[in-house]
Amino acid sequence: MEFSPLQKARYEYVPKLPEVLKKPVNKLTVKTGKTTRPESDADEINTLFPETFGAPLIETVEGSSDENRAPLNVGVVLSGGQAPGGHNVICGLYDALKKSHPGSKLIGFLGGPSGILENKTVEMSDTVIDEYRNTGGFDIIGSGRTKLESEVQFDICADVCRIHDITSIVIIGGDDSNTNAAVLAEYFKAKQTGISVIGVPKTIDGDLKNEYIEVSFGFDTATKTYAELIGNIERDANSAKKYWHFIKLMGRSASHICLECALQTHPNIAIISEEVEAEKQTLNDIVNSIVHTVVKRSELGKNYGIVLVPEGLIEFIPEMKLLIEEINTLLAEHEEHFKTLNTFEEQARWINKNLSKDSSYVFSSLPDNIQRQLLMDRDPHGNVQVSRIETEKLLIEMVDSRLSELKNEGKFPGKFSSQHHFFGYEGRCAFPSNFDADYCYSLGYNAYVLIASGLTGYISTIGNTAKSADQWTAGGTPVTMMMNLEKRHGKMKPVIKKALVDLEGNPFKVFKENREKWALKSDYVFPGAIQYYGPAEVCDAPTITLKLESE
Ligand code: FBP
C-alpha cells in the first residue's frame, strides 16, 4: 500500500492525554459522585430501566496499584455515520487493555452492530492498530446502522460474546446507538450475563451532548473541514462577484454544524433550524428573508453572497414537520400496502389522500423532486434521510421565482445567479484534527477504566475540553440520565434527548449579534485547512462553539 506523506507523519503522532490518564493504567480507578435522574419522564424511564436507572456520575482517579488485574476480552463496534477519530477510540482502548494485561484481547465486530449478530469478528493486533492510528474513517472494522432492539437480538449478542469470552462491549455511536447500548446494558444486567456495555459519544452532528458530555467526537474535524471549504468559496465569490452560493451542511437534526461554520466564516446568511421552529417560520418566510438580503446586497452593487442551510431544516419548518410526521406514521402503519404501490404517481396519490387537509396542501405545493425525496426509505431508526432532500435547491428555486416577480414589478434591478453545494461526506472521514485525535484516544483509553471498574450503561466522558488536553478530566455518565420519551415509528420510546442549538446559549447569541453586519458587508473569514503541526493556537484550538459554551 502507498501512504501519503501526511498519513506517514500522522502514524508518529502521540495523542495527548489528560493528566489523570497518564498515570500507570493499573492504578486508574473510579470515584463515585452524585446519583442521577433524567430531566423528564423519570418515572417511566425508571420502570423501563430498573437495573441501571439512577446510577451515579463517575470520575476517573488515580488509586493504588493493582498488579493482579486479570486479562479482559472486550468487543468493540462502530455504529452509524462515520466521524473523524473513531480509529483513535479503538487505539486508545487497545493500548489501555494491553498495558493493563498483555493477555487482554480487543475483538472488533465487523460492519456495525450486525457484526455482533452475525458473529463477524477480527481480533485487533499491533499490526492492525498501527496502520490506523490518527487516521480518519471507520474502515478498521467498518460501521453500519443495524438497530439492536429486540430480546432475540440481545440473546444472540450474549451468545456471541460467550463464544469469544467477551465480558464487555464498547459501542461507539450517536444518540440512537447509545440508546440501544443502554437497553442492551439493562437487559444483560437483568439476565445476569456478566457482560457490560459502555458507550462512546460519536457524531459529527454535535447533538449528543449535555452538561457532562461537552462534545461528540468528529464535530471538531468535520466543522473545520467544511469551514475551510466555505472560506474558499467565500474568496471565490468575493473575487468573481457573480454567484450566490447556497451551501447545505450536514447535521441530520440540530444546526450545530451550520452555526459553528457561520461563526468560523461569517457568511451573509446562515439559517438556524431551531430558530425557524421557535419563531414558527414558514417556508415562504425563510424565502422572503433570503430575498430581502439578496435585494439589499444588490442595491449595494453586490450580486453575490453565501447562504448556509442546515441539512435538517425541512423538519423544523412547522408545516413541513407536521407533514413529515404524518408521512412517517402512514409509512409505519401501512408499510405493506405502501410497498405494493409501484410508481411514484401512485404513491403520491395515496399519501395525498391520507394526509390531513393542511399537510396535503403543503405536499401538493412542493416540487416533484422534493415530494419524491420525502417518500424515500426511512433509516432503520424511522428517520427521514434528510441528507437526500435537496433543500438548498428548493430554496434556490423559490428565491429565484420570487426575485423574478420583483423584477417584473421593477423592484429588483439586480442579477441572481446561483450555485448549490452540499458538504457532508467530505468531512466525515478527514484526518482527525489534533483535538479529535487526542479526545478520541482519551475516550477509548478511559472506556477501559470504566470496564475494569465493573461499570455498565455508562458513556465514557472527557471533560474541560475547551482547555488544553493536560487539564481535561475523565469519567463516566449514566446513559439513563440523558433519556426521555419520544415518538418513534408511531410509538413512544425511551431515547437519549437530542441536544439542539440553545437559542439562549452563547454561540447563538454571538451569531445573532453579528449576522446583520455579515449580511450586508462581505466580512468573510478564511479559516484555511486544518493544521496538524505548528503552534497550539493554530493546531489544537477547539471549536468556537465549545469555547463560547464553556464561558
Ligand atoms: P450519526 O448520527 O450516525 O453520527 O450520523 C450523522 C450523519 O452524518 C448525519 O449528519 C447525516 O444526515 C447522516 O449521518 C447521513 O447518513 P448516511 O451515512 O446513512 O447517508
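The values are calculated or read from the model by the stated rules, or taken from the named source; none is laboratory data. Predicted model, so just to flag it, every value in this text is computed and none were measured. Cβ sites come from the backbone with ideal geometry, for glycine too, and all protein chains shown count toward neighbours.
Restricting attention to region 209-228 and to residues that are hydroxyl-bearing (Ser, Thr, Tyr) and under 20 Å from ASP502 (Cα atoms), the residue that is surrounded by the fewest Cβ atoms within 10 Å (Cβ to Cβ) turns out to be TYR212. Exactly one residue out of ALA430, ALA447 is at pLDDT 95 or above and closer than 30 Å to LYS27 by Cα, and it is ALA447. Of all the listed residues (PHE363, PHE416, PHE423), the sole one being within 28 Å of LYS224 (Cβ to Cβ) and of a type in the set (Phe, Trp, Tyr) is PHE423. For region 288-306, a residue qualifies if it is assigned to a helix (DSSP H, G or I) and within 17 Å of ARG515 (Cα to Cα), and the qualifying residues are ASN288, SER289, ILE290, VAL291, HIS292, THR293, VAL294, VAL295, LYS296, ARG297.
The residue that is surrounded by the most Cβ atoms within 10 Å (Cβ to Cβ), among those in region 191-208 that are more than 16 Å from the ligand (Cβ to nearest atom) and not in a strand (DSSP E or B), is ILE195. Looking only at region 423-480, residues that are farther than 30 Å from GLU390 by Cβ, of a type outside the set (Asp, Glu) and either within 16 Å of the ligand (Cβ to nearest atom) or not in a strand (DSSP E or B) (or both) come to 33 in all.
Number of residues in region 249-274 that are farther than 17 Å from PHE219 by Cβ and within 13 Å of the ligand (Cβ to nearest atom): the value is 0. Residue check: GLU211 meets all listed conditions (1) in contact (Cβ under 8 Å) with a residue 24 or more places away in the chain; (2) over 12 Å from THR456 (Cα atoms); (3) of a type outside the set (S, T, N, Q) but one, namely (1). GLY410 passes every criterion in (1) in a loop (DSSP other than H, G, I, E, B); (2) within 16 Å of the ligand (Cβ to nearest atom) apart from (2). Among the residues of region 359-374, those identified as away from the ligand (no atom under 16 Å from the Cβ) and outside any loop (DSSP other than H, G, I, E, B) are SER359, SER360, TYR361, VAL362, PHE363, SER364, SER365, ASP368, ASN369, ILE370, GLN371, ARG372. Scanning region 100-138 for residues that are on the phi > 0 side of the Ramachandran plot and surrounded by 21 or more Cβ atoms within 10 Å (Cβ to Cβ) yields GLY112, ASN134. Residues that are among the hydrophobic types (A, V, I, L, M, F, W, C), farther than 16 Å from LYS491 by Cβ and either in a loop (DSSP other than H, G, I, E, B) or in contact (Cβ under 8 Å) with a residue 60 or more places away in the chain (or both) within region 327-358 comprise LEU341, LEU355, listed in sequence order. Count, please, the residues in region 398-422 that happen to be buried (at least 16 other Cβ atoms within 10 Å of the Cβ) and free of Cβ contacts under 8 Å to residues at least 60 places away in the same chain. Residues in region 398-422 being buried (at least 16 other Cβ atoms within 10 Å of the Cβ) and free of Cβ contacts under 8 Å to residues at least 60 places away in the same chain: 1 in total. Restricted to region 74-91, and to residues there that are within 11 Å of the ligand (Cβ to nearest atom) and within 20 Å of GLU118 (Cβ to Cβ), the residue that is surrounded by the most Cβ atoms within 10 Å (Cβ to Cβ) is LEU78. Considered as a group, the residues in region 146-163 that are touching a helix residue (DSSP H, G or I) at 6+ places or on another chain (Cβ under 8 Å) and among the β-branched types (Val, Ile, Thr) include one that is modelled with the lowest pLDDT, and that residue is THR146.
For the residues GLY75, GLY92, GLY144, the requirement of being of a type outside the set (A, V, I, L, M, F, W, C), under 25 Å from the mean Cα position of the chain (by Cα) and farther than 27 Å from LEU28 by Cβ singles out GLY144.
Given the options PHE246, PHE217, PHE188, name the one that is within 16 Å of the ligand (Cβ to nearest atom) and touching a helix residue (DSSP H, G or I) at 6+ places or on another chain (Cβ under 7 Å). Result of the check over PHE246, PHE217, PHE188: PHE217. Of note, SER100 satisfies the criterion of being in contact (Cβ under 8 Å) with a residue 60 or more places away in the chain and hydroxyl-bearing (Ser, Thr, Tyr). For LYS242, indicate whether it is over 25 Å from the mean Cα position of the chain (by Cα) and of a type in the set (Lys, Arg). For LYS242, the condition - over 25 Å from the mean Cα position of the chain (by Cα) and of a type in the set (Lys, Arg) - is met. One residue alone among THR29, THR47, THR60, THR52 is β-branched (Val, Ile, Thr), over 21 Å from PHE217 (Cβ atoms) and in a strand (DSSP E or B), and that residue is THR29. When restricted to residues that are under 20 Å from ALA254 (Cβ atoms) and part of a helix (DSSP H, G or I), region 375-393 contains 5.
The C-beta contact set for region 237-256 (first residue part of a loop (DSSP other than H, G, I, E, B) and of a type in the set (A, V, I, L, M, F, W, C), second residue away from the ligand (no atom under 15 Å from the Cβ) and at pLDDT 95 or above, distance under 9 angstrom, 6+ apart or interchain) comprises ALA254/GLU274.
Just one of the listed residues (ALA447, ALA466) is surrounded by fewer than 24 Cβ atoms within 10 Å (Cβ to Cβ), in contact (Cβ under 8 Å) with a residue 40 or more places away in the chain and aliphatic (A, V, I, L, M), namely ALA466.
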